[in-house]
Amino acid sequence: MLETLKALADPCRLRLTAVLLTGEFTVQELTRIMGMGQSRISRHLKILNEAGVLAVKRQGTWSYYRAGDGSSFFAAIRSAFEREMEALPQRSQDLAAVAAVLEERRRRSQEFFDRHARQWDDLARTLLPVPEYRWRLLELVPEGASVLEIGVGTGGLLTELAARASQVIGVDHSPAMLEEARRRLTAAAVKGIELRLGEMSHLPLPDASVGCVVANMVLHHAADPATVLAEIRRVLAPGGVLLLADLSRHEREAAREQLADQWLGFDEAELTDWLENAGFTDVATERIAAATGQESVLLVRGHADSINKPKKATSHKGA
């Protein structure tokens, strides 16, 4: 208890802790958010980390800091802390800076996909090969459901989804990607699929409007994955199903620059934790093993429960 209180007995460390309760950030991002030098931020992070208030997750050469669970005392007072931190003098300024950092992550991703839409399929297959898993993903799509696919890319999955669903809506944040998807659907003479421009963190759909959401290899591009999962929960009807396919944790650092990956895959435990916090039940994870030179794929299924409402999203816990 004493170590925790000492760690929090500093205005800068209070602000840092409050910021990291909203998500995971690198030291470089925290220097922008807090308006402080790197050495000062690093010193405060070290104190908070040693006290168990914060934790650090390493992905390749990047380190992400987040609220930790190493201090039982901080865990006990966390709810009260989260209420009181709204009164911190620079809280509004810090939240605006957090939003700016997340927007920068989102903007970099959109610009990348707009530039590489035409060669995206070949680029992804070449630079980050994965085992064949789509047959299993499609097998899990409920027959006759209304389906939303998030991050349609060039539309490679849309035709197969339409064969199983009563309605298909595709959303992507890249106008260039949507144009490629339209071109593909036109060439295949596929009709009845609605494409919409939108962010996965702010989906252009009403509450409880679809029966199934498919997120195929998109979550590792998300600026804030926990927020995305909470937004998916919002648009799913009670009892609706989320089908998520994404990379298992890997160390291919080059994927950040070459494929605009924000995260180097995920652990099963953190995905399960996020889904449960977002209001999903019966969460099940299946791993598709990789062959030599490939990366494993995680298939995750969860059901939107009408009783379990989303908890407050906290990014990248359980890593």
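Once fully extended, how much extra length lies between Gln93 and Leu2, figured as 0.36 nm per residue of separation less the alpha-carbon to alpha-carbon distance?
Working: separation 91, 0.36 × 91 = 32.76 nm, distance 2.97 nm.
That pair, Gln93 and Leu2, stretches by 29.8 nm at full extension.
Nearest 10 degrees, 0 to 90: what angle lies between the long axis of helix 225-235 and the longest principal axis of the chain (Cα atoms)?
50 degrees
Go through Ser79, Ser72, Ser109 and list them by solvent-accessible area, largest first, probe radius 1.4 Å.
Ser72, Ser79, Ser109
Treat every Asp and Glu Cβ in the range 3-148 as -1 and every Lys and Arg Cβ as +1, leave all other atoms uncharged, and give the resulting dipole magnitude about the Cα centre to the nearest 20 debye.
460 debye
If you filter the range 116-214 for trypsin sites (Lys or Arg not before Pro), then keep DSSP loop positions with at most 11 other Cβ within 10 Å, what is left?
Lys191
Taking a quarter of the surface of the Cα convex hull of the range 1-157, what do you get in nm²?
Numbers: hull surface 52.7 nm².
Average of the hull's projected areas for the range 1-157 equals 13.2 nm².
State the answer as a single residue: which of Ile193, Pro206, Ser174 lies farthest towards the positive end of the charge dipole of the range 143-221, with beta carbon charges of +1 for Lys and Arg and -1 for Asp and Glu, about the Cα centre.
Comparing the listed Cα positions along the dipole, Ile193 ranks first.
How big is D, in µm² s⁻¹, for the chain by Stokes-Einstein at 10 °C and 1.306 mPa s if Rh is the Kirkwood radius over C-alpha pairs?
77 µm²/s
Using only protein heavy atoms and a 1.4 Å probe, report how much of Leu197 is accessible, in Å² to the nearest 10.
Around 110 Å² of this residue is reachable by solvent.
Going by alpha carbons, how many degrees (0 to 90, nearest 10) lie between the helix axis of 91-116 and the longest principal axis of the chain?
Tilt of helix 91-116: around 30 degrees.
May I ask which residue of Gly239, Tyr133, Trp120 lies farthest towards the positive end of the charge dipole of the chain, with charges of +1 (Lys, Arg) and -1 (Asp, Glu) on Cβ and the Cα centre as origin?
Trp120
So what is the 222 nm mean residue ellipticity for the chain from helices alone, if each DSSP H run of at least 4 adds -39500 (n - 2.57) and you divide by all residues, rounding to the nearest 500 deg cm²/dmol?
Helix contribution divided over all residues of the chain: -12500 deg cm²/dmol.
Magnitude of the Cβ-charge dipole of the range 106-146, K/R +1 and D/E -1, about the Cα centre, nearest 20 debye?
On the way: 8 positive and 7 negative charges, 64 e Å.
Using Cβ point charges on Lys, Arg, Asp and Glu, the range 106-146 gives about 300 debye.
I need the Debye-formula profile for the range 194-301: one equal scatterer per C-alpha, no solvent, reported as log10 I(q)/I(0) at q = 0.11, 0.20, 0.24 1/Å, two decimals.
-0.35, -1.08, -1.41
Using a 1.4 Å probe on the protein chains only, how many percent of the accessible area of the range 161-319 belongs to carbon and sulfur?
In the range 161-319, the share of accessible area belonging to carbon and sulfur is 51 percent.
Multiply the residue gap between Glu253 and Gln28 by 0.36 nm, knock off their C-alpha separation, and tell me the result in nm, one decimal place.
79.3 nm
Normalised radius of gyration for the range 161-242, please: alpha carbon Rg relative to 2.2 N^0.38 Å, two decimal places.
Details: Rg = 13.0 Å, N = 82, 2.2 N^0.38 = 11.7 Å.
Against the empirical 2.2 N^0.38 Å value, I get 1.11 for the range 161-242.
Using the Cα centre of the range 136-290 as the reference point, and only Cβ charges (+1 on K/R, -1 on D/E), how large is the resulting charge dipole? Debye, rounded to the nearest 20.
Dipole size: approximately 620 debye.
In nm, to one decimal, how far is the Ala187 label point from the Glu50 one, both placed 7 Å along Cα→Cβ?
Computed distance between label sites Ala187 and Glu50 equals 5.9 nm.
Counting pairs on different chains as well as pairs 8 or more places apart, how many Lys pairs in the chain have Cα atoms under 25 Å apart?
Step by step, the pairs that qualify in the chain add up to 9.
Using Cα atoms only, what is the angle between the long axis of helix 268-277 and the major principal axis of the chain, expressed in degrees (0 to 90) to the nearest 10?
80 degrees
The values are calculated or read from the model by the stated rules, or taken from the named source; none is laboratory data. What you see is a predicted model; the values in this text were computed from it and never measured. Note that we place each Cβ from the backbone using ideal geometry, even for glycine, and neighbour counts take in every protein chain shown. Protein only, heavy atoms only, side chains kept; ligands, DNA and RNA dropped before computing areas. Shrake-Rupley method; radii C 1.70, N 1.55, O 1.52, S 1.80 Å.
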